[in-house]
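Data block below; observations after.
Every number in this text was worked out from the coordinates using simple rules, so none of it is lab data. Treat the numbers as computed from the prediction; the structure is a model and nothing was measured. So basically every Cβ, Gly included, is an ideal-geometry build from the backbone, and we count neighbours across all protein chains shown.
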Amino acid sequence: MKRAALLLTAGALAAGLAACGSNEPSGGDNTGAANNGGASGGDSGKKVTITFQNIYPDATSPANKMLKELVAEYEKDHPNVKIELDSLNTDQQKLKLKTQAASKEVPDITIVNPAAQMQPFVDAGLLAPLNDMLDKNGLKDTFQKGLLDYYTFDNNVYALPDGNNIEVVYYNKDLFAQAGITDIPKTFDELLADVKALKAKGITPIAIGEKDTWTGSFLFMNILLRTNGGPGFLNDVLAGKKDFNDPAFTAAIDAFQELVQAGAFPEGATSIDANAGGNIFKTGKAAMFIIGSWETGNIDASSVAGKVGAFPFPTVGGKGSLNEYMLAPGSGFAVSANSDHLEETKDFLNFFMTNYPKKQFELKNAVGSGQIIEGDFKAAGYSDLAIDILNMFSQVTGGDLAFDNTMKPAVAQAHLSSIQNLFVQKVEAAQAAKEHQDAFEANK
């Protein structure tokens, strides 16, 4: 793992979406960071408070530690600047930002998701272009080739991603052994059998927090990736080649409901938020956690560290490739176009993103980085789990983006609600397909 295996995520996106390509490191140190400074000219000397809305509320996580350490470093070097943190979980942040956007009161720095999710904010003129700031200190060259395309509109970059990930199945080796499971499941039927074996031992099979609806959607999209026989279902719908009544979609609905009916998820999953759902796994109370590779550092910092492995989502009905994954370009840091301190905010964000990969590497939280990291992960003390995940990156041949990163917001909302409902009651697959198709037709 001498070279940055994180470079391989760019290749994964290239294979799956023709958006990213292979990349070569641009820096000589172990992080690719240009230097420790911010963009020149950002310190005017006047007293400034910058509001930094973020999605790192868990004080025990490496990401939260990274955030606070970088903020403290910047404030020490810029005594006139105060960085005020507004730390929320993902769904809380999305809802708050919508309210703020409606009144054109977007925080100085906020979080947006790539592609279709962030486009409405761009179209409304709420976000500032970051091209000028990216050109300082060589910051642009620290990002994996092609990754910034997901945050670019009309040749302007409007957000800087915090990562570039794949979705995997984390599993607790001890709990698998307690249930008599001797091998990882490679087919959906094997996964169902494992769910039933775990349930019989009183072990929660799969941790999830579906109060934050993106979690169920992300898991569901793995199944659709398989039943479709590969990537591209949503793109085919957008192109008019398929619709949601397609057998691949209804088969995915049926398979998802098999997991629900088998008792795969915690009781009351729709009342548990994403952080609490993850903690069910990280405290050893669930056997599996199907989530993005960004959780690797958090798992290694939890009580189940050293007991966890990972595997690709299995094939479904004989379809799909284990080397195709749900792809997750990270949440992006965006700057308000109406910020009262635009110059200072860009200067801080330049500092933050320039030092972000180095700090993440130091905190052993660099798996799934969107920036180039060239270093020896094993020598740096990264876990066997982290090394295994990095090796999985090297095997990626393609994949899909999340539903809400592909479809218009209104269609995505109908999808999120429809999938969440499957946790509560059994629904005919044709009915769920119709809900999706109706929403799509109404929002063309």
Only one of the values (i) 21.2, 65; (ii) 20.2, 61; (iii) 22.6, 78 was calculated from this structure for Rg and Dmax of the Cα atoms in Å; name its label.
(i)
The Kirkwood hydrodynamic radius of the range 263-382, taken as the inverse of the mean 1/r over all distinct Cα pairs, in Å, comes to 17.6
How far is helix 8-17 tilted, in degrees, relative to the longest principal axis of the Cα atoms in the chain, given as a value from 0 to 90 rounded to the nearest 10?
60
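So in the chain, what percent of DSSP beta bridges are antiparallel if you round to the nearest 5? Walk me through the intermediate numbers first.
Numbers: 23 of 38 bridges.
Percentage antiparallel, nearest 5: 60.
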Of A193, A337, I50, farthest towards positive along the dipole that unit charges on Lys, Arg, Asp, Glu beta carbons give the chain:
A193
Dipole magnitude of the range 278-416 about its Cα centre, charges +1 at Lys/Arg Cβ and -1 at Asp/Glu Cβ only, in debye to the nearest 20?
480
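State to the nearest 20 debye the size of the charge dipole of the range 158-219 about its Cα centre, where the only charges are +1 on K and R beta carbons and -1 on D and E beta carbons. Walk me through the intermediate numbers first.
On the way: 6 positive and 9 negative charges, 51 e Å.
It works out to roughly 240 debye.
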Using the Karplus equation 6.51 cos²θ - 1.76 cosθ + 1.60 (θ = phi - 60°), what ³J(HN,Hα) coupling, rounded to whole Hz, does each residue of the range 342-350 give in order, writing x for Gly and Pro?
4, 5, 5, 5, 5, 5, 5, 5, 4
Taking just the C-alpha trace of the range 305-444, give me its Rg and Dmax in Å.
20.4, 56
Rounded to the nearest 500, the 222 nm mean residue ellipticity computed for the chain from DSSP H runs (n ≥ 4, each -39500 (n - 2.57)) alone is -12000 deg cm²/dmol
Charge dipole of the range 72-188 about the Cα centre (unit charges at C-beta), most positive-ward option of S87, T110, T182
T182
Give the peptides 352-364, 179-191 in descending order of average Cβ contacts within 10 Å, highest first.
352-364, 179-191
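Mind checking the range 77-119 for trypsin sites (Lys or Arg not before Pro) that DSSP puts in a loop (not H, G, I, E or B) and that have at most 13 other Cβ atoms within 10 Å? Intermediate results must be reported in sequence, preceding the final value.
On the way: sites: K82, K94, K96, K98, K104; in loops: K104.
In loop regions of the range 77-119 (DSSP not H, G, I, E or B), the sparsely surrounded trypsin sites (Lys or Arg not before Pro) are K104.
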Max mean-square fluctuation residue, GNM over the chain, Cα-Cα springs under 10 Å, options A72, A286, A429:
A72
Please give the helix 409-422 orientation as an angle from the longest Cα principal axis of the chain, in degrees from 0 to 90, rounded to the nearest 10.
40
Enumerate the whole-percent occupancy of each 10 Å bin, from 0 to the last occupied one, for all C-alpha pair distances of the range 87-225.
9, 29, 26, 19, 14, 4
Can you give me the long-range amide H partners of D135? Hydrogens built in the peptide plane at 1.01 Å from N, cutoff under 5 Å, separation of 5 or more residues or another chain.
none
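Explain nothing, just the number: dipole magnitude of the chain about its Cα centre with +1 on each Lys and Arg Cβ and -1 on each Asp and Glu Cβ, in debye rounded to the nearest 20.
Working: 37 positive and 53 negative charges, 119 e Å.
Around 580 debye, computed over the chain.
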Would you check the range 39-133 for Lys pairs whose C-alpha atoms are within less than 21 Å, ignoring same-chain pairs closer than 8 in sequence, and give me the count?
11
Residue-ordered couplings for the range 244-261, obtained by feeding phi - 60° into the Karplus form 6.51 cos²θ - 1.76 cosθ + 1.60 and rounding to whole Hz (Gly and Pro as x), are 6, 7, 4, x, 4, 6, 5, 5, 5, 4, 4, 5, 4, 5, 4, 5, 4, 5
Could you derive backbone 3J(HN,Hα) for the range 328-335 from the dihedral phi with the Karplus parameters 6.51, -1.76 and 1.60 (θ = phi - 60°), listing whole Hz in sequence and x where the residue is Gly or Pro?
9, x, x, 4, x, 7, 10, 10
I291's amide H: which non-local residues (gap 5+, or another chain) put their own amide H closer than 5 Å, with H modeled 1.01 Å from N in plane and none for Pro or chain starts?
V168, Y170
